[in-house]
Each structure stands twice: as structure tokens, then as C-alpha cells.
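Here it is, the structure in full.
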Amino acid sequence: MKYQKEVLLKDGTKCLLRGAGERDAAEILRCFHLTHAETDYLLTYPEENSFTIQEEVKFLKARSEAKFLKASEESANAIEIGAFVNGKVVGSAGIEPLGDKEKLRHRADFGIAVEKAYWGKGIGRALTLACIECAKQA
């Protein structure tokens, strides 16, 4: 699944929302560790994540490939969206289907995290709306 959209934040800053790919792995992983250290309200603590950059590359690649569809070059129902401000990842959100069975097609996992320095600017809302848009396409 592909996604790209530029949004204007509450403070007037431009933020690019786009599907994160292999080239973004190091930045996505850095952002993951930071956001998980900044709040207790995410699923894990940063030290519980053992992903290496190579494993993050595989994870992002799996989200962008035809992991759940047969004859497609990219996934039509999974995505990790990065929020980029001045080229830096400051947050991310993603959806992933719970399965490919008919009765599960309407269900997905959703995750979101935004760096504390960027809270209150509208990034979380923009990422959530982007994931909803992608879920509707799926």
C-alpha cells in the first residue's frame, strides 16, 4: 500500500506523511526507541525491543510487499506511515490485518507514536486519519 500526503501542522510547519520503506529503517527505529522512552502508554519499554536495523528493514519491507495478497507487488492492506518534519521522522503509525480470512478482513492492528517534542501539533491526528484512509482502501 502506498501513501503520501503533506499536511500543515497547527504551528504552520509542513509535515510529510508517507509510507516508510527500507531506507527509513534507522530513523523509524530511532523514533521508536525515543517515543517508547518518553511515555508509559505504549505497548513496550524501549529496552524490550530487540530489533536491529536489519530486522527493522525486514519489518518495513514486509509491510510494503505482497505479504497478504497473492498477485500484487505491494501489500494492499498493511502500511507503516512515517511523519517527516524537515526530513526527520517524528512519529509513525501503522495498520496490519489480523488475517486474510473472510471473517477477519475487517479487523486490523493499529499502532501510533509521536515524539514528545511534537505533541500537540496535530501529527497524531493526521497519522490516525491517514491510517483510516488506508484501511478504507484495504
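The values are calculated or read from the model by the stated rules, or taken from the named source; none is laboratory data. The structure presented is a predicted model; accordingly, all values stated were derived computationally and were not measured. Because the Cβ atoms are built from the backbone with ideal geometry, glycine has one as well, and the counts that use them run over all protein chains shown. Accessible surface is based on the protein model in full, side chains and every heavy atom, while ligands, DNA and RNA are left aside. Shrake-Rupley method; radii C 1.70, N 1.55, O 1.52, S 1.80 Å.
Taking interchain pairs and intrachain pairs at least six residues apart, which have beta carbon atoms under 8 angstrom, with the first residue in the stretch 121-138 and of a type in the set (S, T, Y) and the second surrounded by 17 or more Cβ atoms within 10 Å (Cβ to Cβ)?
If the second residue must be surrounded by 17 or more Cβ atoms within 10 Å (Cβ to Cβ), the pairs left are T128/A93; T128/I112.
Now for a separate question. Any residue in the stretch 25-40 that's more than 18 Å from W119 (Cβ to Cβ): show its pairings with residues that are hydroxyl-bearing (S, T, Y) at Cβ separation under 7 Å, as long as the two are six or more apart or on different chains.
Taking only residues 6 or more apart or on different chains, the pairs are I28/S92.
Looking at F59, is it among the aromatic types (F, W, Y), buried (at least 16 other Cβ atoms within 10 Å of the Cβ), modelled with pLDDT under 90 and under 14 Å from the mean Cα position of the chain (by Cα)? Break it down into steps so the answer makes sense when it comes.
Details: among the aromatic types (F, W, Y): yes; buried (at least 16 other Cβ atoms within 10 Å of the Cβ): yes; modelled with pLDDT under 90: yes; under 14 Å from the mean Cα position of the chain (by Cα): yes.
The answer is yes for F59.
Another question, if that's okay. Just name the residue that is most open to solvent (accessible area, probe 1.4 Å) out of those in the stretch 91-114 that are under 11 Å from the mean Cα position of the chain (by Cα) and of a type in the set (A, V, I, L, M).
I112
I need the full set of residues from the stretch 67-85 which are at pLDDT 60 or above and either farther than 26 Å from K121 by Cα or among the basic types (K, R) (or both), in order please. Give the steps one after another, and end with the answer.
Taking the stretch 67-85 and keeping what is at pLDDT 60 or above, we get 74-85.
Residues satisfying the conditions are E74, S75, A76, N77.
Here are some residues: A117, A130. Which one is more than 12 Å from the chain's Cα centre (by Cα) and in a helix (DSSP H, G or I)?
On the way: A130 fails: more than 12 Å from the chain's Cα centre (by Cα).
Of A117, A130, the one residue that is more than 12 Å from the chain's Cα centre (by Cα) and in a helix (DSSP H, G or I) is A117.
Taking only the stretch 8-46 into account, find how many residues are open to solvent by 30 Å² or more (accessible area, probe 1.4 Å) and more than 18 Å from G111 (Cβ to Cβ).
Number satisfying all stated conditions: 10.
Okay, next question. Test S64 against the stated conditions and say whether it is open to solvent by 60 Å² or more (accessible area, probe 1.4 Å) and either over 14 Å from the mean Cα position of the chain (by Cα) or modelled with pLDDT under 80 (or both). It would help to see each step written out before you state the result.
Numbers: open to solvent by 60 Å² or more (accessible area, probe 1.4 Å): no; either over 14 Å from the mean Cα position of the chain (by Cα) or modelled with pLDDT under 80 (or both): yes.
No; evaluated as a whole, the condition is false for this residue.
Which pairs do you get when a residue that is touching a residue at least 40 places away in the same chain (Cβ under 8 Å) and part of a strand (DSSP E or B), found in the stretch 4-18, comes within reach of a residue that is open to solvent by less than 50 Å² (accessible area, probe 1.4 Å) and not aliphatic (A, V, I, L, M), reach meaning Cβ atoms under 6 angstrom, with the pair 6+ apart or on two chains?
Close Cβ pairs satisfying both conditions: V7/C15; L16/F84.
Would you please list the contacts, defined by Cβ atoms under 9 Å and residues six or more apart or on different chains, that run from a residue in the stretch 92-107 that is farther than 21 Å from A20 by Cβ and without any contact (Cβ under 8 Å) to a residue 40 or more places away in the chain to a residue that is buried (at least 20 other Cβ atoms within 10 Å of the Cβ) and not polar (S, T, N, Q)?
Sorted first by the residue in the stretch 92-107, then by its partner, the pairs are L104/P97; R105/P97; R107/P97.
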